[in-house]
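The values are calculated or read from the model by the stated rules, or taken from the named source; none is laboratory data. Keep in mind it's a predicted model, so treat the numbers as computed, not measured. Backbone-built Cβ (ideal geometry, glycine too); neighbour counts: all protein chains shown. Note: areas computed on protein heavy atoms with side chains; ligands, DNA, RNA excluded. Shrake-Rupley method; radii C 1.70, N 1.55, O 1.52, S 1.80 Å.
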Amino acid sequence: MQATDIEVPLPARDARIAVIGLGYVGLPLAVAFASRRQVTGFDVDATRVAELRAGHDRTREMDPQALAAATGLELASDPAALRECAIHIVAVPTPIDAFHEPDLEPLRQATALVAAALKPGDLVIYESTVYPGTTEEICVPILEAGSGLRFNVDFSCGYSPERVSPGDHHRRLADIRKITSGSHPAAARAVDELYRSIITAGTWPAPSIRVAEAAKVVENIQRDVNIALVNELALVFDRLGIDTGDVLEAAGTKWNFLPFRPGLVGGHCIGVDPYYLLHKSRSAGFHPELIHTAREVNERVVGHVVSRVLGLLRGRGREPAGSRVLVLGVTFKENCPDLRNSRALDLVRELGEWRICSWYGTRTMCAGPWPSIAAISCWAAIRPISRLGWRTVVRLGQTWREIGVSSKPNTDSCSGTRRPRAAASYSTPQAVSSLAAKIAVGGSAISSSWRAPAMPDSNENSPSTTRSGSGSIPAWRRPSR
């Protein structure tokens with residue numbers, strides 16, 4: 001409903017803001033607003049709140065100095081703190097389930113918390129990625145039922161989709177133009193004015209909430225389709241014996257050629273958002289074939305990499321079972337500690353089905369620059385580290401801190417024996433060279449025409465497919481937004 005001819009109360013310009021969900025979307029938002037006004041940063045995860053109070057952000061989006069400088073920010077895990085706020089910004093996960101259908105439960109739960117604190121004149125803004133119509137068809141009824149208030153009469157809503165790129169320290173929150181929208185013209189102006197106060201890159205007022213919702217999913221669907229095209233081209237050229245990298249480099253000399261590269265598409269944006277629009281499209285009686293096909297193509301890439309690894313092994317007379325394979329990088333994208341929906345981990349799992357490596361086995365060593373990755377141990381097979389070169393191995397600008405760190409005994413999935421996993425530090429070129437000597441799989445790259453996909457998933461914007469801030473979900477599924 002659009003309120004155009006009635007006076008709807010709105011919060012004062014200095015009203016206190018609540019940011020619900022303190023992940024890598026919500027936390028930077030709360031810190032930015034806290035430089036100008038009073039903000040309550042809320043998360044249902046009390047441990048997360050305690051960490052932030054101590055100056056530690058596990059997502060690595062905010063350093064201790066930035067947190068300390070946010071003097072207007074109060075952190076809370078008690079929903080009662082929301083009652084003091086007149087503007088509520090929701091940045092919680094919107095994952096998909098095992099059947100690739102939207103899972104809006106975290107959004108519903110967050111909305112119910114806001115509804116319990118809602119007062120006349122309040123403004124509720126959503127940043128979570130959703131399909132068109134979600135705010136007004138799913139969230140608004142929950143707000144009305146939980147508060148006893150009337151939409152566009154007693155309270156208003158807005159939608160401003162997040163555009164955060166985790167791990168990208170060159171394009172921060174203030175540097176990315178923001179889409180804004182509201183449930184009526186006055187609300188739209190209020191939402192736009194609010195974000196313009198912190199976004200130096202400017203804003204783009206959308207004509208409606210549904211348009212803003214659709215724009216968000218389209219941003220990532222476009223990338224998914226383009227990546228699927230080059231992934232399929234790579235499969236074609238692999239069979240033709242043509243180097244895909246050479247083809248793309250040559251084609252890229254034309255001024256309007258888009259520079260996409262083949263690879264794994266993981267994370268919680270590009271690999272998830274298309275399913276939201278597919279769901280909504282089917283409910284309207286239409287099946288978008290291109291979007292669906294692009295998803296199928298990108299989902300098959302892990303299987304292709306596994307088949308190339310098996311071919312590489314057998315070409316050297318080695319059986320897959322018992323072979324050692326090193327996978328460098330396990331997060332869903334570079335410079336980000338997020339493991340959710342990592343296609344590199346899917347690769348490790350599928351290799352494990354051939355007994356090449358196992359989730360916790362000593363013959364599996366996953367290497368990454370983040371200490372949190374050390375609990376997952378792994379082994380390798382993209383190309384010899386000696387040929388990758390030291391600068392390539394540390395291309396993320398980080399030290400590969402630990403590989404397979406654990407002092408607990410663990411069953412070797414390949415031999416069935418139990419032995420401790422030894423800690424190892426590889427922080428110099430010489431140490432990496434010594435690691436290369438331990439790799440049982442030698443030879444060239446998986447395929448010169450495939451140009452082995454980077455690990456972690458380099459095509460993301462960006463173990464469950466969640467996104468946006470924390471929510472009341474198991475810790476291993478908790479999003480880093």
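Under the simplified labelling scheme, the ARG189-ALA112 pair shows an inter-label distance of 3.7 nm, with each label point 7 Å from Cα along Cα→Cβ.
From most to least packed by mean Cβ count within 10 Å, the peptides 107-115, 80-88, 48-56 give 107-115, 80-88, 48-56.
Can you classify the stretch 116-263 as rounded, prolate or oblate using the Cα gyration tensor, where a ≥ b ≥ c are the square roots of its eigenvalues, rounded means a/c under 1.5, and otherwise it's prolate if a/b beats b/c and oblate if not? Prolate.
Hand me the chymotrypsin sites (Phe, Trp or Tyr not before Pro) from the stretch 220-264 located in a DSSP loop with no more than 13 other Cβ atoms within 10 Å, in residue order please. Working shown, then result.
Details: sites: PHE237, TRP255, PHE257, PHE260; in loops: TRP255, PHE257, PHE260.
Here the sparse-neighbourhood loop sites are TRP255, PHE257.
For the residue pairs LYS178/LYS254; LYS178/LYS333; LYS119/LYS178, the C-alpha atoms sit more than 29 angstrom apart in LYS178/LYS254. Return the distance in nm (one decimal) between the two label points of a simple spin-label model at GLU296 and GLN222, each offset 7 Å from Cα along Cα→Cβ. Each label point lies 7 Å from its Cα, and together they span 2.6 nm.
Given a 1.4 angstrom probe, what's the average accessible area per residue across the stretch 1-70, in square angstrom? Walk me through the intermediate numbers first.
Details: 3220 Å² over 70 residues.
With the other protein chains kept in place, the stretch 1-70 gives 46 Å² per residue.
Under the simplified labelling scheme, the ARG150-ALA215 pair shows an inter-label distance of 3.1 nm, with each label point 7 Å from Cα along Cα→Cβ.
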